[in-house]
Amino acid sequence: MEAFTVSTGSGTSFEDITEQVRRAVKNLGVREGLCCVYVPHTTAAVTINENADPTVCRDIIMEFNRLIPLEGGYSHMEGNSAAHIKSTIVGESVCVPVSGADLGLGTWQGIYFCEFDGPRKRTVHVTVR
Ligand code: ZN
């Protein structure tokens with residue numbers, strides 16, 4: 001397994017981690033297989049979406065914030081229930097095919113670390129089998 005850290009922005013933000021994941025896959029030395037990108041956090045997540053037009057991620061974040069407001073009559077005492085809810089909806093891992101020791105992403109796809117309770121220093125785990 002390879003790991004790297006991500007320093008995130010405040011509140012909800014998406015960070016493109018495609019190149020860090022690509023580097024981790026090369027370091028692991030597996031030419032053909034499956035890459036699991038895993039986020040060991042409860043108020044963050046990982047997803048794959050368009051990396052050509054930054055307004056796509058901006059729209060996703062805007063809609064998440066509209067659907068899951070910061071204040072929602074939640075019970076969780078820490079005050080970050082909205083972040084926990086967003087994290088569980090998006091999910092803690094993505095799986096990407098590996099071919100020729102590189103990520104088999106589509107032309108318009110990038111891998112995004114999704115911060116829902118930033119700013120924080122986060123960790124991403126990459127495993128290839
Ligand atoms: Zn919490």
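Computed from the coordinates by the stated procedures, all read-outs in this text should not be read as laboratory data. These figures come from a predicted structure and were not determined experimentally. Please note: Cβ atoms are built from the backbone with ideal geometry, for glycine as well, and neighbour counts cover all protein chains shown.
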Charge context of SER81, other residues only, Cβ under 13 angstrom, K/R +1, D/E -1: -2
Ratio of Rg to Rh over the range 2-128 (Cα coordinates, Kirkwood Rh, two decimals): 1.00
In the range 31-82, the GluC sites (Glu not before Pro) that fall in loop regions by DSSP, at most 12 other Cβ within 10 Å: GLU32, GLU71, GLU78
Among CYS35, CYS95, CYS114: highest mean-square fluctuation, GNM of the chain, C-alpha pairs under 10 Å: CYS95
Residue among HIS41, ALA52, VAL128 farthest towards the positive dipole end of the range 2-128, charges placed on Cβ: VAL128
Among ASP16, ASP59, ASP102, residue whose mean-square fluctuation peaks in a GNM of the chain (springs only between Cα atoms under 10 Å): ASP59
